[in-house]
Every structure is written in structure tokens, then in C-alpha cells.
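Only one structure is covered here, and it is reproduced in the block below.
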């Protein structure tokens, strides 16, 4: 009987410890870093994540505004985060490639960030498994979604974003 009570107490203590660690600053930092690593827009090696009293501070230098916006959105959407301090800077663009002006590149990055933010904020779509690329105002969506309804919602959200000229739907419905 004593062994059984001790075993139950040990399980309860382990569960309590796991919950406490998950909501600790270290646990929050780990969750944010994991989200950054899993995202194709953000190069997680460029971003430093620190957490103090559930406030996440992001710092470093990224290639574009879309990566910065995505990193902040992912951190804000992480369970246990009370606030995000954005100290990320965007590298100055070199030169525009042939046929594309610097303004077009910046506009495309802003469109990508806006679409990705809408997808992440949408409770149906979620957006973590959807890649968003924009070229000359044409948004390309790729990745996997859970249902046709999720796919339709993602395309609709992209089409309704300011500056989007067209949407190329390369999303795949994954069941199971």
C-alpha cells in the first residue's frame, strides 16, 4: 500500500514539474526556438531568443521584413508568452535583381508577411505548415492542410490581402 501511494505521489510530482517547466522561461524559450526552426520563412540561426518573466526578447538580423514579422508572430502565438520585445533588424537589401525594382521586392516581402500573419491568426487554417512566397504581387501558397475547407480559407485569406494580384494554390490536403 505504501509503495502504491509513493508511486502515485511520484507521478503527480513529475506531472507538476513538467507543467512548471513548460511554463518556465526556459520552457518558453525552447518552444519559441522550436517554432522558428520549423518555419521556412525564418532562418532560426539568425535570431536569438531570450525569455524573462514570460516576456520573450527576439534579437538578431534577418534578410527581410517577412522573416522579422513571421518570427514575431510565431513568438506571440506561443503558449505562455505574455509579451514580445522585437529587437530584430532587417539587413539592408543589396541591389534589385534584373527586371525587379527594389520597391517591388519590398512590396512582395510586405505582402508575404501580411498573408502569413493572416494565416497564422486564423483559427481554422493555423498557417504553420503553409509556405508563402510572393513575386510581383502573385502569392504562391504551398504546404499541407488538414482539409479542403482549410485550403479554401487559406486561398481566400491570401486573395483578400492588400496588394495581392493573384494566388497560386499549391496546397495539398493531407488526411489522417
Proxy reagent accessibility, fewest Cβ within 10 Å first, across 162, 147
162, 147
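Can you put 134, 161 in order, fewest other beta carbons within 10 Å first? Provide the component values of the computation, followed by the final result.
On the way: 134 27, 161 22.
So the ranking, lowest neighbour count to highest, is 161, 134.
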With contacts defined as alpha carbon pairs under 8 Å and 6 or more residues apart, what's the relative contact order of segment 97-176 in percent?
29
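Percent antiparallel among DSSP beta bridges with both residues in segment 25-92, to the nearest 5?
Values: 6 of 14 bridges.
Taking every DSSP beta bridge within segment 25-92, about 45 percent pair in antiparallel fashion.
Let me know the shape class of segment 25-92, please: from the alpha-carbon gyration tensor, a ≥ b ≥ c as square roots of the eigenvalues, rounded when a/c is under 1.5, otherwise prolate if a/b is greater than b/c, or oblate.
On the way: a/c = 1.96, a/b = 1.58, b/c = 1.24.
In terms of gyration-tensor shape, prolate.
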How would you rank 150, 166, 133, 107, going from fewest to most other Cβ atoms within 10 Å of each one's own Cβ?
166, 107, 133, 150
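No value in this document is a laboratory result; all are computed from the given coordinates. Note that the coordinates shown come from a computational prediction; the quantities given were computed from them, not determined experimentally. Note that we place each Cβ from the backbone using ideal geometry, even for glycine, and neighbour counts take in every protein chain shown.
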